[in-house]
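Trainee: Before I ask anything, here is the structure I am working with.
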Amino acid sequence: MSVKNFEITSIDAERYTEKGGEKQNVRVDHNSSVKKVKAKDKKTAQFSFRFTVDYSGLGRMELEGNILYAGKASKLAAKWQKENEMPDKVAKDIHSTIISNCIPEAVVISREIQLPPPIPMPQVDISQGEDKEGKRGMEVA
């Protein structure tokens, strides 16, 4: 079982503040959710998803799309219809695909609407300590 196809069908993004407004201590939350699962044929299921990024009052972003998944389509769709659940391995594959495809897209969108990128930026630590070899230098985490 594996992901066969990924597509984004809708993008909606908005910044709530004026350009150059206060941007300190912005909390960025991501969420991926499956909206619907249906069997396309015996071996392929279509997962409709929504990926959201919330910037704690500063703005928001929402991407929607579809994933084609090769597997036991009728079983996956029936379980989703009945219980809104899917096997853990399938859920891991689906949500990993959503995140790995939507985060880079969200970074580009955030630049366009002038919001912070929805990923943690590396922190530079210039400490006075020495490393194992006795050398001083900066560290990027």
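Trainee: Sort through 45, 13 and tell me the only one that's touching a residue at least 24 places away in the same chain (Cβ under 8 Å) and in contact with an Asp or Glu (Cβ under 8 Å, 6 or more places away or on another chain).
Mentor: Answer to the selection: 13.
Trainee: I've got another one for you. Quick one: would you say residue 54 is more than 20 Å from residue 29 (Cβ to Cβ) and acidic (Asp, Glu)?
Mentor: On the way: more than 20 Å from residue 29 (Cβ to Cβ): no; acidic (Asp, Glu): yes.
No, not satisfied.
Trainee: Quick check on the stretch 59-99: of everything there that is small (Gly, Ala, Ser) and buried (at least 16 other Cβ atoms within 10 Å of the Cβ), which residue is nearest to residue 16 (Cα to Cα)? Please lay out each step first, then the result.
Mentor: So the first thing to find is which residues in the stretch 59-99 are small (Gly, Ala, Ser), and the list is 59, 65, 70-71, 73-74, 77-78, 91, 96.
Narrowing the set further to residues that are buried (at least 16 other Cβ atoms within 10 Å of the Cβ) leaves 59, 65, 71, 73, 77.
Details: 59: 5, 65: 24, 71: 42, 73: 41, 77: 38 Å.
So, considering only residues that are small (Gly, Ala, Ser) and buried (at least 16 other Cβ atoms within 10 Å of the Cβ), the one nearest to residue 16 (Cα to Cα) is 59.
Trainee: Counting only residues that are among the small types (Gly, Ala, Ser) and part of a loop (DSSP other than H, G, I, E, B), which one in the stretch 14-65 is nearest to residue 112 (Cα to Cα)?
Mentor: From the stretch 14-65, those among the small types (Gly, Ala, Ser) are 20-21, 32-33, 39, 45, 48, 56-57, 59, 65; that's our starting set.
Now narrow it down to the ones that are part of a loop (DSSP other than H, G, I, E, B): 20-21, 56-57.
On the way: 20: 14, 21: 16, 56: 18, 57: 18 Å.
Filtering first and then ranking leaves 20.
Trainee: Let me ask something additional. For the stretch 57-99: of the residues being in contact with a Lys or Arg (Cβ under 6 Å, 6 or more places away or on another chain) and at pLDDT 95 or above, which is farthest from residue 25 (Cα to Cα)?
Mentor: Top of the filtered list is 68.
Trainee: Right, here's the next one. Which one is nearest to residue 65 (Cα to Cα) among residues in the stretch 1-27 that are at pLDDT below 85 and surrounded by 11 or more Cβ atoms within 10 Å (Cβ to Cβ)?
Mentor: 1
Trainee: The conditions are (1) of a type outside the set (Val, Ile, Thr); (2) loosely packed, with under 10 Cβ neighbours inside 10 Å; (3) on the phi < 0 side of the Ramachandran plot; (4) at pLDDT below 90, and residue 134 fails exactly one of them. Which is it?
Mentor: That leaves (3) as the condition not met.
Trainee: For the stretch 49-65, name all the residues that are acidic (Asp, Glu) and over 13 Å from residue 33 (Cα atoms).
Mentor: Correct list: 54 only.
Trainee: Mind checking which residues of the stretch 66-95 are part of a loop (DSSP other than H, G, I, E, B), out of contact with any helix residue (DSSP H, G or I) (no Cβ under 8 Å at 6 or more places or on another chain) and closer than 13 Å to residue 39 by Cβ?
Mentor: If the condition is that a residue be part of a loop (DSSP other than H, G, I, E, B), out of contact with any helix residue (DSSP H, G or I) (no Cβ under 8 Å at 6 or more places or on another chain) and closer than 13 Å to residue 39 by Cβ, then 72 is the only one that fits.
The values are calculated or read from the model by the stated rules, or taken from the named source; none is laboratory data. Please read all numbers here as calculations on a predicted model, not as lab measurements. Note that each Cβ is placed from the backbone with ideal geometry, even for glycine, and that neighbours are counted across all protein chains shown.
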